[in-house]
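Laboratory data are not the source of any read-out in this text; all were calculated from the coordinates shown. It should be emphasised that the depicted structure is a prediction, and the values quoted were computed from it without experimental measurement. Every residue, glycine among them, receives a Cβ derived from its backbone with ideal geometry; neighbour counts consider all protein chains shown.
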Amino acid sequence: MHVRDLTISYGDAPVLEGASLDVDKGRFVSLVGPSGSGKSSLLRAIIGLQKPLSGNVETGLARSQVGILFQDDALLPWRTARDNVALGLGFHGMHRREALQEAESWLDRLGLAGFGDRFPRHLSGGQRKRVALAQVLALRPKLLLMDEPFASLDAIVRARVVQDLVDLVEREGITVLLVTHDLNEALTLSDVVYLLSHGPRARIMQQYSVPIPRPRDLVRARTHPAFGPLYERLWSDLSREVGRENPAEAA
Amino acid sequence: MALDPKRAWIRQWLTFVVVLLLWEAAGRANLLNPLFAPSPSEIALALFGLFSSGNIWTHLEATFTAALGGLVLGIAAGIALGVVAALVPLIAELLQPVMTLLNAIPRVILAPLFAIWLGIGIASKVALAFILVAVLMFFTVFTGIRQVDRKLVERVVTLGGDRWALVRHVYLPSVAASIMGHLKVAVGFAFTGAIVGEFVAASRGLGYLISFAQSTYNAALMLALVMLIMAVVLLIFAASGRLEKYLMRWN
């Protein structure tokens with residue numbers, strides 16, 4: 001996937017200006033940056049929820065092959081977990097019975113066997129996140145966009161959901177573009193990390209390659225010799241960026 | 001002393017019975033003027049009389065027909081107008097001030113006007129029940145649609161849902177939820193409209209009977225009718241409560 005010279009504006013000064021980035025097939029790529037740097041807008045532009053002012057996005061994929069996971073689960077509260085997962089399958093013409101079977105097998109795969117009849121209200125935060133994941137993955141996306149999807153989960157649940165996701169993504173060869181605030185998460189998950197500058201008029205500042213081999217165990221990834229130095233570099237670059245716009249915080 | 005909330009109904013019924021007994025005793029001891037405050041047994045007798053003579057049925061029928069007619073028409077019109085206003089900005093612009101005004105006034109003051117326009121038959125009662133319910137439903141649906149969760153809309157769109165999918169999976173269920181939340185109020189409004197309409201000018205109906213009881217200074221009959229109306233509305237509340245519980249089982 002290629003993003004070329006993308007500028008996004010909501011009326012005033014553009015939040016994001018002239019952003020270009022490449023995501024190779026099967027790679028896990030993260031976008032990190034200060035709040036308001038247009039990371040979410042970039043994802044929204046890629047999937048077509050936000051019309052860019054200029055520039056273009058080339059995914060080389062059909063619209064249905066791109067999935068997006070938001071920070072909120074946004075499950076339909078009046079549908080059971082199984083019905084929620086089957087929803088997108090139905091939109092793409094799968095018959096209901098078949099869609100429900102497929103949904104069940106995805107729930108199963110994400111560790112939610114037996115929870116298909118529950119309404120979202122009667123699921124925990126981690127379970128809802130897994131349902132939302134199943135909902136997106138059931139459509140077999142080639143490219144998965146994620147906008148801080150795990151921010152609302154507590155640390156232990158988060159670690160487990162994320163590890164399951166990584167295993168799945170590695171096995172299925174899905175390309176991922178993740179937006180996150182969490183440098184730790186960015187480095188343990190990604191092959192490539194992009195750093196954005198402070199908005200408005202945010203730009204892509206830096207690109208870092210993460211040479212930790214796959215398949216990855218997220219706990220062990222942190223003990224890889226490349227992790228520490230990369231983390232420090234990313235951290236000091238990000239701090240400098242935040243401090244440049246906000247001297248009080250740098251002091 | 002700590003009150004067990006599960007036993008509240010026992011205390012409530014006990015108190016109710018005690019009050020009735022005290023009231024009855026005061027009546028028998030000639031402490032109350034039977035003309036103004038008939039004892040419970042006299043009210044029960046009046047109630048019994050209504051049913052044993054068979055007179056009551058025609059009045060019940062008239063009130064029910066007017067109330068349910070106004071309720072159904074009012075809900076239908078309220079939903080239709082609410083949907084149109086939510087979808088077409090021009091309609092919203094034109095309708096909103098009228099509805100706001102109608103909402104601000106006590107709409108029962110229209111009863112004499114409807115009696116002049118539509119006569120003392122059932123039409124004027126249906127019209128009053130209708131206008132009470134329709135305005136309520138208009139606002140319920142109008143705000144219901146406007147407050148539909150944007151995240152759910154985006155979720156369905158990114159899963160590949162078209163406009164029809166949005167209506168079916170997001171808009172209809174959200175609006176149904178807000179209608180359900182106001183159904184009991186609408187039932188109450190419908191009976192208020194029918195009875196007040198009959199009160200003003202009619203030859204049949206519970207409202208007519210009440211005004212008859214007033215003109216003949218028959219407090220026992222009037223209280224009997226109040227009890228009857230309460231029983232009727234409670235019955236309908238129970239029915240709509242069950243419907244609500246079934247349709248909102250996800251909540």
Note, B:Y208: beta-carbon cut-off 15 Å, +1 each Lys/Arg, -1 each Asp/Glu, net 0
Quick note on A:V166, B:V88, ordering by fewest other C-beta atoms within 10 Å, gives B:V88, A:V166
Convex hull around the C-alpha positions of the protein assembly as shown: the volume in Å³ per residue is 241
Computed about the Cα centre, the charge dipole of the range B:47-247 from +1 Lys/Arg and -1 Asp/Glu charges at the Cβ has a magnitude in debye, to the nearest 20, of 340
Most exposed first, judged by fewest Cβ atoms within 10 angstrom, A:R220, A:R82 run A:R220, A:R82
Distance in Å, no decimals, from the C-alpha centre of the range B:1-75 to the one of the range B:208-243 is 8
For A:D164, the net charge from surrounding residues (Cβ-Cβ under 14 Å; K, R +1; D, E -1) works out to +2
In the range B:47-247, taking the dipole from +1 charges on Lys and Arg beta carbons and -1 charges on Asp and Glu beta carbons about the Cα centre, the listed residue (B:I91, B:L234, B:A165) farthest towards the positive end is B:A165
Rounded to the nearest 10 degrees, the helix B:219-247 long axis (Cα) sits at an angle to the longest Cα principal axis of chain B of 30
XL table B:K184/B:K245; A:K39/A:K129; B:K125/B:K245; A:K129/B:K245; Cα-Cα > 24 Å flagged, in table order, is B:K125/B:K245; A:K129/B:K245
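What order do you get for A:Y231, A:Y194 when you list them from fewest to most C-beta neighbours inside 10 Å?
Details: A:Y231 16, A:Y194 25.
Taking fewest neighbouring Cβ atoms as first place, the list is A:Y231, A:Y194.
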Computed curve, the range B:78-188, Cα-only Debye sum without solvent term, log₁₀ I(q)/I(0) at 0.18, 0.22 Å⁻¹, is -0.93, -1.17
For chain A, longest principal axis from Cα atoms; helix A:125-137 axis from its Cα atoms; angle between them, nearest 10 degrees, is 90
For the range A:77-141, the Kirkwood Rh over every pair of distinct alpha carbons, in Å, works out to 11.2
Across all Cα atoms of chain A, Rg and the largest Cα-Cα distance (Dmax), in Å, are 18.5, 61
A student applying the Cα gyration tensor rule (rounded when a/c is under 1.5; otherwise prolate if a/b is larger than b/c, oblate if not) would label the range A:102-173 oblate
For peptide A:75-83, the mean count of other chain Cβ atoms within 10 Å per residue Cβ is 4
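Calculated FRET efficiency, B:N103 and A:H95, Cβ-Cβ r, R0 56 Å, to nearest 0.05? Walk me through the numbers before you get to the answer.
Numbers: r = 46 Å, r/R0 = 0.83.
About 0.75, to the nearest 0.05.
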Rounded to the nearest 10, the angle in degrees between the Cα long axis of helix B:89-104 and the longest principal axis of the Cα atoms of chain B comes to 20
Rounded to one decimal in Å, the inverse mean reciprocal Cα-Cα distance for the range B:177-244, i.e. its Kirkwood radius, is 12.9
Rounded to two decimals, the Debye log10 I(q)/I(0) of the range A:1-44 (Cα scatterers, no solvent) at q = 0.19, 0.20, 0.25, 0.32 Å⁻¹ is -0.61, -0.67, -0.97, -1.29
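Compute the normalised compactness of chain B: alpha-carbon radius of gyration over 2.2 N^0.38 Å, N being the residue count.
Values: Rg = 22.8 Å, N = 251, 2.2 N^0.38 = 18.0 Å.
Expressed relative to 2.2 N^0.38 Å, the Cα Rg reads 1.27.
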In whole µm²/s, the translational diffusion coefficient that Stokes-Einstein assigns to the range B:1-122, given a Kirkwood hydrodynamic radius over C-alpha pairs, 20 °C and 1.002 mPa s, equals 106
